[in-house]
Amino acid sequence: MPYPVYWVNAFTEQLFHGNPAAVVIVDDFPQEAFMQKIAHEFNLSETAFVKRLGFGKYAIRWFTPETEVYLCGHATLGAAKTMFHDLIPQEKVILFQSKAGELVASRQGDEISLDFPLDAPYKIEADDALLKNFGEAKAEEILYAPKTKNLMVVYSDAITVQALKPDFSKLALFRTDKISGIAVTAKSAGKYDYICRYFAPWEGINEDPVTGSAQTFLAPYWCARLGKKELTGSQVSARGGEFKVSVTEERVLISGKAIIFLKGELKRGF
């Protein structure tokens, strides 16, 4: 039998917006090399492979076009949307087992919330040679998120973040096992509390449309800085997307909407 495959746009309720993810439903995980080739063929920022463990319980793995990743938010949202909409529409809670531990997806109406581990960022010294590839704008703070291995660059205003034009060819030269990607962020002057963008040229993603996993460290930073427990955020990529976040001592709840763009089948034998 072929593998069912879904294309889901996450953190949006509009076509041609949000972050697209492929969701492949498997009875057992294929060989890693095969999954990597499939992710490379889809050429989306992430492809999720989902294996049923029991009713409402699944194992999930995520691949960019270049590598397997520790945690992915939008592809988990896409997988949850697939389950809630098509495969187990009577359920309201799903448990995903992953490399990052147990992740819970729950739904209320057309909104899905992801319960993810908090990744507390801490301040580090700026690498001026690296930051130069983002332009001349001066950063307020540089932080590091150890669980997801991300840099977080804070700027003084949203306009600066929106105007950044990274030199990806030069940025890619800074590849290291200690950095998976770079989130840039600023306080928003509009209807959102903060905005962000995310870059990961080392993983085959120059700019990610909407990055759920980045909220595991952006949310606690902005909640502490703004003195709030619940925030709304926007990722100001070309496609754009939006989300709600709330923070406890150890967890971050990331909520958003998603739409299924198409579904089909993937042959097993090639």
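The values are calculated or read from the model by the stated rules, or taken from the named source; none is laboratory data. Remember, it's a predicted structure, so these values are computed and weren't measured experimentally. As a convention, Cβ positions derive from the backbone with ideal geometry for all residues, glycine included, and neighbour counts pool all protein chains shown. Quick note on the areas: whole protein, heavy atoms, side chains included, nothing else; ligands and nucleic acids left out. Shrake-Rupley method; radii C 1.70, N 1.55, O 1.52, S 1.80 Å.
Here is a check on your reading of the model: is ARG239 out of contact with any strand residue (DSSP E or B) (no Cβ under 6 Å at 6 or more places or on another chain), closer than 20 Å to ALA75 by Cα and not in a strand (DSSP E or B)? Steps first, please.
Details: out of contact with any strand residue (DSSP E or B) (no Cβ under 6 Å at 6 or more places or on another chain): yes; closer than 20 Å to ALA75 by Cα: yes; not in a strand (DSSP E or B): yes.
It is true that ARG239 is out of contact with any strand residue (DSSP E or B) (no Cβ under 6 Å at 6 or more places or on another chain), closer than 20 Å to ALA75 by Cα and not in a strand (DSSP E or B).
Here PHE49, PHE34, PHE96 are screened, and the one residue that is aromatic (Phe, Trp, Tyr) and under 21 Å from LYS244 (Cα atoms) is PHE96. So is GLY73 small (Gly, Ala, Ser), at pLDDT 95 or above and either surrounded by 16 or more Cβ atoms within 10 Å (Cβ to Cβ) or over 26 Å from TRP202 (Cα atoms) (or both) or not? Yes; evaluated as a whole, the condition is true for this residue.
Can you tell me which residue within the range 138-155, out of those that are open to solvent by 40 Å² or more (accessible area, probe 1.4 Å) and in contact (Cβ under 8 Å) with a residue 24 or more places away in the chain, is nearest to TYR198 (Cα to Cα)?
LYS149
Against the conditions (1) more than 30 Å from MET1 (Cβ to Cβ); (2) in contact (Cβ under 8 Å) with a residue 60 or more places away in the chain; (3) open to solvent by less than 60 Å² (accessible area, probe 1.4 Å); (4) not acidic (Asp, Glu), GLY181 satisfies every one except (2).
I want to confirm something. Restricting to the range 220-236 and keeping residues that are within 22 Å of HIS17 (Cα to Cα) and without any contact (Cβ under 8 Å) to a residue 60 or more places away in the chain, which single residue is most open to solvent (accessible area, probe 1.4 Å)? Spell out the reasoning first.
Residues of the range 220-236 within 22 Å of HIS17 (Cα to Cα): 231-236.
Okay, now just the ones that are also without any contact (Cβ under 8 Å) to a residue 60 or more places away in the chain, so 231-234.
Details: LEU231: 5, THR232: 45, GLY233: 0, SER234: 15 Å².
Result: THR232.
Is it fair to say THR216 is surrounded by fewer than 18 Cβ atoms within 10 Å (Cβ to Cβ) and either at pLDDT 95 or above or assigned to a helix (DSSP H, G or I) (or both)? Lay out the reasoning, then the answer.
Values: surrounded by fewer than 18 Cβ atoms within 10 Å (Cβ to Cβ): no; either at pLDDT 95 or above or assigned to a helix (DSSP H, G or I) (or both): yes.
Answer is no for this residue.
Residues that are buried (at least 20 other Cβ atoms within 10 Å of the Cβ), assigned to a strand (DSSP E or B) and out of contact with any Leu (no Cβ under 7 Å at 6 or more places or on another chain) occur at least once in the range 202-210. Only a single item in (1) assigned to a loop (DSSP other than H, G, I, E, B); (2) farther than 22 Å from THR64 by Cβ is not met by TYR221, and it is number (1). If the condition is being open to solvent by 40 Å² or more (accessible area, probe 1.4 Å) and touching a residue at least 12 places away in the same chain (Cβ under 8 Å), then the range 37-67 contributes HIS40, PHE42, ASN43, LYS51, ARG52, LEU53, PHE55, LYS57, ARG61, GLU66, THR67.
Within the range 246-270, the set of residues being open to solvent by 50 Å² or more (accessible area, probe 1.4 Å) and either of a type in the set (Val, Ile, Thr) or in contact with a Cys (Cβ under 7 Å, 6 or more places away or on another chain) (or both) comprises just one member, THR248. For beta carbons closer than 6 Å, sequence separation of 6+ or different chains, a first residue in the range 21-32 that is closer than 16 Å to LYS81 by Cα and touching a residue at least 24 places away in the same chain (Cβ under 8 Å) and a second that is small (Gly, Ala, Ser) and outside any strand (DSSP E or B), the qualifying pairs are ALA21/ALA75; ALA21/GLY78; VAL23/GLY78; VAL23/ALA79. In the range 105-128, of all residues being over 30 Å from ILE260 (Cβ atoms) and in contact (Cβ under 8 Å) with a residue 12 or more places away in the chain, the one that is surrounded by the fewest Cβ atoms within 10 Å (Cβ to Cβ) corresponds to GLU125.
When the range 154-172 is examined, which residues are found to be of a type in the set (S, T, N, Q), over 12 Å from GLU136 (Cα atoms) and touching a strand residue (DSSP E or B) at 6+ places or on another chain (Cβ under 7 Å)?
Applying the first criterion (of a type in the set (S, T, N, Q)) to the range 154-172 yields 156, 160, 162, 169.
With the extra rule that they be over 12 Å from GLU136 (Cα atoms), the set shrinks to 156, 162, 169.
SER156, the sole residue that qualifies.
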